[in-house]
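Structure provided below as structure tokens; questions to follow.
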Amino acid sequence: MESFFLVPSQAWGPFLLWILVTVVQVPWILFCLSRIEKSGVRRWGASGNMFNTGD
Amino acid sequence: MSASIIIGIILIAYLVGLVLFTNRGFKEVTSLTEFTTSGHRLGLMFTIAAFVATWLSASSVTGIPSMLFTRGLPTVTGWFAGWFFATSLMAVVAYKIRMPERPSRTLPEFFKLRYEPYAEKSGLQVIAALSTVAAYIAYIVLQIKAVGMIVATVTGLPYAVAVFAFLIFLVYTASGGMWTVAWGDLINSVLIAIGLFLAGGIVLSKIGGWHAMWAAIAATTAPATVGGAPIEPGAMLSTVGSFGAAAMVGIFFANAFGGAVSPHMAARMMGARNVKTALLMPLYGIGFLFVCFIPILILGFGGKILLASIPAGKGSDWLIPMLLTQFMNPVIGGIILAAILAAALSTANAQLLHNALAMTYDIARNLKKTPIPEDKFMTWTKILIIGVGVLLTIAAI
């Protein structure tokens, strides 16, 4: 079990916190982007796709 | 060929590459907005590179392994997690900063436009600028000292020569404004990643692999310094260590809030071509950084296993220089040293630029009765970059 998680069980707390705060950002930033795009305020420049943000 | 010559050749090759990249930035600077914020037209690749290279400073590349060596896993709880949480908050900062149709050029100016839009002379802008200057002075001196110590130890150059050589490139890469910083960050971010993975890979191979590292760290009782009291077995894996839970919560949030609003990061959001670029910068950048922090973790814990304790009279900051000189061949050592130099340079040049801009743009330009022509203003800023750089280097000696 321990080798599956790559770090010993005593170390899970800090690593879970680190991974959690990193992973949570993906839906959070996508949510922020969707709010901006839905607002229709074009002058903010929320244009392009996820890899090419130009017009 | 001696080790110093090999390392010297690698460092010179890096610095030549840096100058070639940075030169392209000088050609882009045609106005004050281009100088301060790249004309608000930095694309995704530039912003991600700038984010990564600026984030990975000398303190994260050398200071964090030292802290892991001394404190163990609380470093992950308070610093890794705290800093990474900062990028979630950056989304909010980016959203706010990019709301105006015409984004501000500096973070203190943003405060003026947001809270004192009709003031002819903004006191708030001056206070924010003074805070920026005060905070950056210590940080830049720290970067200069770190590079000076490591370069002097590994190459044998006198410390004063090492810091003044660093100063030349620091000033050069900052003096073209945001564009030269951004072009330099392209090469720096790649080199930092290469250096970290090389160093991490070598240390991991020397200690017998990932699982052997954790087993040894769990069992170690070696004190941080030779002659110190032994630590309890398993103490390195404690979640909060000797900090205690309340202090650790404070460290976590201090790192998170501090990282989110640092002016050089806000400047990258202002320099981005639009709000979407500003928001995607931390998202993609943090994925890249997460991978880069694995070798940083290995350097700290692997260093603990290889060296056990730092000799008495030397601080844990000697960890990286000792690993470089005792466990790496000159070619690998040279590449890693160049990566450390890149990490320090890419952070310190942005801080030096924004330090100078705080004085010229947010204080002098804000308080002056008559407008200053853009050319004259940029010349003043460049002179101030040189002056402040020299003063801070002298302070670091």
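Using the 10 angstrom Cβ neighbour count as an exposure proxy, how do B:83, A:12 rank, fewest first?
Lowest count first: A:12, B:83.
Within chain B, which is the longest segment containing none of the GluC sites (Glu not before Pro) that sit in a DSSP loop and have at most 15 other Cβ atoms within 10 Å?
Excluding the exposed sites themselves, the longest stretch runs over B:121-397.
How high is the FRET efficiency from residue B:96 to residue B:12, r the C-beta distance, R0 51 Å, rounded to 0.05?
About 0.70, to the nearest 0.05.
May I pose another question? Going by Cα centres, the stretch B:1-55 and the stretch B:331-377 are how many Å apart?
13 Å
Moving to a separate point now. Using alpha-carbon pairs under 8 Å, 6+ residues apart, how would you state the relative contact order of the stretch B:3-396 in percent?
40 percent
Sticking with this one: Taking the Cα atoms only, what angle lies between the long axis of helix B:3-28 and the longest principal axis of chain B, rounded to 10 degrees?
20 degrees
If we restrict to alpha carbons, what Rg and Dmax does the stretch B:81-202 come to, in Å?
18.9, 58
Taking every eigenvalue of the Cα gyration tensor of the stretch B:3-396, multiplying by 5 and rooting it, what semi-axes result, largest first, whole Å?
37, 24, 18
In addition: Relative to the Cα centre, what is the charge dipole magnitude of the stretch B:3-396, using +1 at the beta carbon of each Lys and Arg, -1 at the beta carbon of each Asp and Glu, and rounding to the nearest 20 debye?
520 debye
What are the residues whose amide H is under 5 Å from the amide H of residue B:272, where those residues sit 5 or more places off or on another chain and H is modelled from the backbone?
Here B:42 satisfy the definition.
Okay, moving on. Please work out, to two decimal places, the log10 of the ratio I(q)/I(0) at q = 0.09 Å⁻¹ from a Debye calculation in which every Cα of the protein assembly as shown carries one identical scatterer.
-0.58
In whole angstrom, how far apart do the alpha carbon centroids of the stretch B:223-280 and the stretch B:140-175 sit?
25 Å
Based only on other Cβ atoms within 10 Å, what is the fewest-to-most ordering of B:178, B:322?
B:322, B:178
When B:121, B:304, B:382 are ordered from fewest to most other Cβ atoms inside 10 Å of their Cβ, what list results?
The most exposed by this proxy come first: B:121, B:382, B:304.
Check residue B:310: other-chain or 5+ apart residues with amide H under 5 Å from its amide H, H built from backbone geometry?
B:225, B:226
Every number here is computed from the coordinates shown, using simple stated rules; none is lab data. All of these numbers come straight from a predicted model, not from anything done at the bench. A quick note on method: Cβ atoms are made from the backbone with ideal geometry, for glycine too, and the neighbour counts reach across all protein chains shown.
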